[in-house]
Amino acid sequence: MMAAIVTAIMIVAIVLRCYHITEQPLQDDEVSAAFTAVNYMENGHFGPTMWFHPNLRNVVLYPLGEFFGYGPLAIRTVSALAGILSVLLLGLLLFQLTGDRRAALVAAFFLAVEEVHIMFSRQAVQETWTLFFILLGIVLFVGYEKRDRPWLLVLSGLAFGLGLASKLHAAFPLAVCALIAVTTAVKERSLPRAVFATSALVLLPATVYLATYFPWFLRGYGVGDFFLMQTNLLKAMAIHMGNPMDQTIDVRAWEWFLKPVGYGTFVLSQGKPFVSIAFTNPFAWLAVLPSAALIVHKIRKKSGDAESRNLLFLVLLFGASYLPLVVLPRPVWLLSALAVVPFGFMIVAYVFSDWSRRVRWGNNILVIYMVIVVISSLALYPLAIGKAKTYHYLSDITERFRPEFEQRQ
Amino acid sequence: MGMDATKRKYIFLSAGLIAAFILTVCMLVITGTRSRTPGPGGLPGDAVVPKTVVDQPAQVYQHWKRREQHGRVVLSFSRTLDFIDVDDHSLIPRDSGDEVFNLAQAAESRLDDRNILFMAMRTGIAREVIHVVPVSVYAEKIEAVKTGREASIVSGKISAPFFGSPRWIMPASLLEAPAEPVLLYVNASYFLDEEPGALYRQLRDKRILTDAIVLCRSGADKTGTALERERFNSFVAMLGGTP
């Protein structure tokens, strides 16, 4: 039964992410991503797009593009694969932490039908890659903590390194895991274990991150140049206010779980506009903060036992990933939420699953809630596949993201 | 015994990971520094240093390219920065489809007298550019930095990185000798306000090593006063070249 449900969820994840993925025209960012990959691998030069982000996307897209061509299939495949596998990893992680099969299935299901995640799984951008490597890194880390198999921590460090090389957001959950690993070793008064934890979760991710800069080093740079470059990149990232065509609404991370927000892109293809909008599902997203508060309350009541420690770990992952974005003074677009909301979904799934067992008719209510989430996700689905203008009932959402210069006309 | 085996495993794996990190850093640094193409350097005015005189700034870039320069520090003396940006986005056709090409090569087709140093950095000839400008020009640039966001002032020098790579703007008084021979570029426009003898002495006193000097008779705006030309010719003669 469990295997059947997992299979069904994965089929849903695959279908929603792959349906007509090659027919959807490439976004400007995706075209630029292809050029950026060639630019980086052949010249060691950053840009033209997202130039201050790390370079794993370039390292992977270049051989794919050179071998299969830079069409939608080749450059979107990795994002789709990362998105699909993230669904599995999310469920697995929650099961590892809580042992609650129902919660794990609910969390995986949330991500499988989440329109924001679906939209970016269908684009050649690094956000879904980052999430995949973060989840993989945490799953392996939890495996190490539970079974004390050192190789699992090495693989975790490798995964986190690839996450860091995709986007620096991976640093936040990595820091949580590294802190826990080293603290555990210190409590055990085991210097070899502490050194190993530091090597696996600090040095190894740094090694992977550095290695992806090989084409840049070939421009003649040394170590000092690297640190100067990284400083300049971080400064540029800190003051990045977007491009003239970037949207100016929904650019505050603190709004993500308080109201529905979105991120719109459009492309002209064969004379027709294709508008894609990542729009948060209010039935899932707005439950995150209340659920987090309930979990914190539970942790305080039951502090010390294994369940509360695991829940604390989950809350720390969510907080460490979310709070830095909340306090950032520059615009933060919804893409960045992909490294945060899966932890939120795990929190919601755990709370709802736990509650459904305690309340009369709880199972039925949970099913009804899931049906509501599915219906709202399917209603939003055309936004993810470039069909925002095809369905009239989405016009209010679509018009909200019409660029300002068009609104003024 | 089990505990010892685990401890040994931790130590073995730690050693491996530390070695991997060190090896990676060494490989990157060695590969990077070996990709540079500096020749044996000398001081400006030394007979061993080759000198080339060209008419237009674009010929400076072409000279470096012919010599297959890569990963160099370029030291420029000019009134203008010669760093007009060619936006990569402007090179990407509207409906490029699956066709993807090398943007640096495409940018090179837009080489002109106003963007030679941009092009040098764009194509990998220069990994760092130091613009030395006359004091009057430096004063204008400093004012612009104070109102902008992307450049900053570090010990009096303007830091204006290009995609993260170092780029500096400064007057000659703040110039310090780079740790390696540079590609030295001197444009006649520099001498509108500056004396050739002063520049020559500064270069030698500061021990600026170079393995190639390129001197350009005209500025990016193609105008040039008789005073600039006279001082330029005088400077070329000091270096032992033929004006």
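I'm checking my understanding of the structure. Among residues of region B:63-87 that are surrounded by fewer than 17 Cβ atoms within 10 Å (Cβ to Cβ) and under 28 Å from B:Pro134 (Cβ atoms), which one is farthest from the other protein chains (Cβ to nearest Cβ)?
B:Ile84
All but one of (1) over 30 Å from A:Gly362 (Cα atoms); (2) buried (at least 20 other Cβ atoms within 10 Å of the Cβ) hold for A:Val87; which doesn't?
So the condition that A:Val87 fails would be (1).
For region B:114-142, give me each residue that is in contact with a Lys or Arg (Cβ under 7 Å, 6 or more places away or on another chain) and either away from chain A (no Cβ under 14 Å) or assigned to a helix (DSSP H, G or I) (or both).
B:Val133, B:Pro134, B:Val137
Please name all residue pairs, on different chains or six or more residues apart, with Cβ atoms under 8 Å, provided the first residue is in region A:213-232 and is within 8 Å of chain B (Cβ to nearest Cβ) and closer than 14 Å to A:Gly44 by Cβ and the second residue is among the acidic types (Asp, Glu) and crowded, with 20+ Cβ neighbours inside 10 Å.
Note: pairs meeting the criteria are A:Asp225/B:Glu128.
Please determine, by comparing only the residues of region A:69-83 that are of a type in the set (A, V, I, L, M) and crowded, with 18+ Cβ neighbours inside 10 Å, which one is farthest from the other protein chains (Cβ to nearest Cβ).
That would be A:Ala82.
Here's the yes/no breakdown for (1) in a loop (DSSP other than H, G, I, E, B); (2) under 30 Å from A:Val31 (Cβ atoms):
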{"position": "B:His63", "(1), (2)": "no, no"}
{"position": "B:Glu68", "(1), (2)": "yes, no"}
{"position": "B:Arg79", "(1), (2)": "yes, no"}
{"position": "B:Phe83", "(1), (2)": "yes, yes"}
{"position": "B:Pro93", "(1), (2)": "yes, yes"}
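Can we say A:Phe52 is within 14 Å of another protein chain (Cβ to nearest Cβ), closer than 28 Å to A:Gln230 by Cα and buried (at least 20 other Cβ atoms within 10 Å of the Cβ)?
Values: within 14 Å of another protein chain (Cβ to nearest Cβ): yes; closer than 28 Å to A:Gln230 by Cα: yes; buried (at least 20 other Cβ atoms within 10 Å of the Cβ): no.
No; evaluated as a whole, the condition is false for this residue.
Looking at (1) surrounded by fewer than 18 Cβ atoms within 10 Å (Cβ to Cβ); (2) part of a loop (DSSP other than H, G, I, E, B), which is the one condition that is false for A:Phe257?
Going through the list (1) surrounded by fewer than 18 Cβ atoms within 10 Å (Cβ to Cβ); (2) part of a loop (DSSP other than H, G, I, E, B), A:Phe257 breaks only (1).
Can you spot a residue in region A:311-318 that is in contact with a Pro (Cβ under 6 Å, 6 or more places away or on another chain) and farther than 19 Å from A:Lys259 by Cα?
Checked against the condition, which is being in contact with a Pro (Cβ under 6 Å, 6 or more places away or on another chain) and farther than 19 Å from A:Lys259 by Cα, region A:311-318 yields at least one hit.
List the strands (runs of 3 or more DSSP E) inside region B:149-243, counting only whole elements, that have at least 2 residues being at pLDDT 90 or above and within 30 Å of A:Met241 (Cβ to Cβ).
B:152-154, B:157-159, B:167-170
Any chance region A:246-255 includes a residue that's at the interface with chain B (Cβ under 10 Å from one of its Cβ atoms), more than 30 Å from B:Asp4 (Cβ to Cβ) and without any contact (Cβ under 8 Å) to a residue 60 or more places away in the chain?
no
May I ask you to say which residue of A:Glu114, A:Glu66 is among the acidic types (Asp, Glu), within 14 Å of chain B (Cβ to nearest Cβ) and on the phi < 0 side of the Ramachandran plot?
The unique qualifying residue is A:Glu66.
Against the definition (more than 14 Å from chain A (Cβ to nearest Cβ), crowded, with 19+ Cβ neighbours inside 10 Å and either out of contact with any strand residue (DSSP E or B) (no Cβ under 9 Å at 6 or more places or on another chain) or free of Cβ contacts under 8 Å to residues at least 40 places away in the same chain (or both)), how does B:Ala58 come out, yes or no?
Yes; evaluated as a whole, the condition is true for this residue.
What residue, among those in region B:88-102 that are more than 8 Å from every other protein chain (Cβ to nearest Cβ) and under 30 Å from B:Val137 (Cβ atoms), is surrounded by the most Cβ atoms within 10 Å (Cβ to Cβ)?
My answer is B:Leu91.
Restricting the search to region A:287-308, which residues are in a loop (DSSP other than H, G, I, E, B), of a type outside the set (S, T, N, Q) and surrounded by fewer than 17 Cβ atoms within 10 Å (Cβ to Cβ)?
A:Lys302, A:Gly304, A:Asp305
If a residue has to be more than 14 Å from chain B (Cβ to nearest Cβ) and aromatic (Phe, Trp, Tyr) to count, how many in region A:117-173 make the cut?
Of the residues in region A:117-173, 6 are more than 14 Å from chain B (Cβ to nearest Cβ) and aromatic (Phe, Trp, Tyr).
Here are some residues: B:Thr37, B:Thr6. Which one is of a type in the set (Val, Ile, Thr), within 8 Å of chain A (Cβ to nearest Cβ) and in contact with an Asp or Glu (Cβ under 9 Å, 6 or more places away or on another chain)?
Being of a type in the set (Val, Ile, Thr), within 8 Å of chain A (Cβ to nearest Cβ) and in contact with an Asp or Glu (Cβ under 9 Å, 6 or more places away or on another chain) holds for just one of B:Thr37, B:Thr6, which is B:Thr6.
Looking at A:Met229, A:Met245, which one is at pLDDT below 95, over 27 Å from A:Thr280 (Cβ atoms), surrounded by fewer than 21 Cβ atoms within 10 Å (Cβ to Cβ) and not basic (Lys, Arg)?
Answer to the check: A:Met229.
Scan region A:236-245 for residues that are at the interface with chain B (Cβ under 8 Å from one of its Cβ atoms) and not in a loop (DSSP other than H, G, I, E, B) and jot them down.
A:Ala236
Residues are listed down the side, and each one gets a yes or a no for (1) free of Cβ contacts under 8 Å to residues at least 40 places away in the same chain; (2) farther than 19 Å from B:Gln56 by Cα:
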{"residue": "B:Met119", "(1), (2)": "no, no"}
{"residue": "B:His131", "(1), (2)": "no, no"}
{"residue": "B:Ala144", "(1), (2)": "yes, yes"}
{"residue": "B:Lys157", "(1), (2)": "yes, yes"}
{"residue": "B:Pro161", "(1), (2)": "yes, yes"}
{"residue": "B:Pro166", "(1), (2)": "yes, yes"}
{"residue": "B:Ala172", "(1), (2)": "no, yes"}
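Does region A:11-22 contain any residue that is farther than 18 Å from A:Leu338 by Cβ, within 14 Å of another protein chain (Cβ to nearest Cβ) and crowded, with 22+ Cβ neighbours inside 10 Å?
Within region A:11-22, none of the residues are farther than 18 Å from A:Leu338 by Cβ, within 14 Å of another protein chain (Cβ to nearest Cβ) and crowded, with 22+ Cβ neighbours inside 10 Å.
Of the numbered conditions (1) surrounded by 12 or more Cβ atoms within 10 Å (Cβ to Cβ); (2) within 11 Å of another protein chain (Cβ to nearest Cβ); (3) farther than 25 Å from B:Leu192 by Cα, B:Ile153 satisfies every one except a single condition; which is it?
(2)
All but one of (1) within 7 Å of chain B (Cβ to nearest Cβ); (2) at pLDDT 95 or above hold for A:Met41, so report the exception by its number.
It fails just one condition, (1).
Which is without any contact (Cβ under 8 Å) to a residue 12 or more places away in the chain and charged (D, E, K, R), of B:Glu140, B:Glu180?
After applying the criteria, what remains is B:Glu140.
The values are calculated or read from the model by the stated rules, or taken from the named source; none is laboratory data. Computed from a prediction, not measured in an experiment: that's the story for all the values here. Note that each Cβ is placed from the backbone with ideal geometry, even for glycine, and that neighbours are counted across all protein chains shown.
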